[in-house]
């Protein structure tokens, strides 16, 4: 009598099992993140005036501050006109101001009971945070379109090459993701709108002024140069300056700029995902 033959899973099936689970988990994570981003962007579609009102500040910076200092030539900017030098900084500032107050929407959602519903959903905490970061990135890109139009109307020598535009879009998205997740971390810690607004207002101008947005790092005092090099906004501006305008150069290098922004955005996303459940308590 022949002994029974035990048929087990083939090596190919054994290998495909874990791989398929990883693939399915990744696909689910992406779907969850995109679903939350789409939910966030519906708010923007129902209130497009927000984008127009946010265009006022960059218009004032370019039309008033930029034009005046271009005439005086008080700030050394090399071969670039000051207005051309400043335009990427104004774009980065606009993205910063949108993203840094993004956490207040999470506090509103907590007060309305939406955070509890999101936490009870199958979506992972990281997907919830990444979805908000993606929506902040789209808001930043819409702001970039406005600043590009304003800069072009004011005579800035904008680089319209598709590669340059794509690079600026990546820098905007990464910068918005970094600062929006930082904003969400603050919201998870303070938990009230009043405290959040106070901290947000305290942070925005120091981040903007302690960067290379409106003057080069080389003319700063040594202590401020150290602060500027530790400021994520400086890397966002540096990449944009090399990509947005003809003749612009990156002090740190575009590759390093984008790598630093990506690393900061990833680290802050991990921290925000761990703290996000605290918002509901």
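The values are calculated or read from the model by the stated rules, or taken from the named source; none is laboratory data. Only a predicted model underlies this, so the values are computations on that prediction, with no experimental measurement involved. A quick note on method: Cβ atoms are made from the backbone with ideal geometry, for glycine too, and the neighbour counts reach across all protein chains shown.
Tabulated data
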{"read-out": "Checklist (1) without any contact (Cβ under 8 Å) to a residue 24 or more places away in the chain; (2) under 17 Å from the mean Cα position of the chain (by Cα); (3) farther than 21 Å from residue 97 by Cα applied to residue 221, failing item", "value": "(2)"}
{"read-out": "Within segment 142-157, considering residues that are under 13 Å from residue 246 (Cα atoms) and surrounded by 18 or more Cβ atoms within 10 Å (Cβ to Cβ), the one farthest from the chain's Cα centre (by Cα)", "value": "156"}
{"read-out": "Of all residues making up segment 171-206, the number that are closer than 18 Å to residue 92 by Cβ and in contact (Cβ under 8 Å) with a residue 12 or more places away in the chain", "value": "16"}
{"read-out": "Residue ID - surrounded by the most Cβ atoms within 10 Å (Cβ to Cβ), chosen from residues in segment 181-196 that are more than 19 Å from the chain's Cα centre (by Cα) and assigned to a helix (DSSP H, G or I)", "value": "190"}
{"read-out": "Checklist (1) within 25 Å of residue 66 (Cα to Cα); (2) in a helix (DSSP H, G or I); (3) at pLDDT below 90 applied to residue 276, failing item", "value": "(1)"}
{"read-out": "Residues being part of a helix (DSSP H, G or I), in contact (Cβ under 8 Å) with a residue 12 or more places away in the chain and over 12 Å from residue 85 (Cα atoms) - total across segment 240-270", "value": "12"}
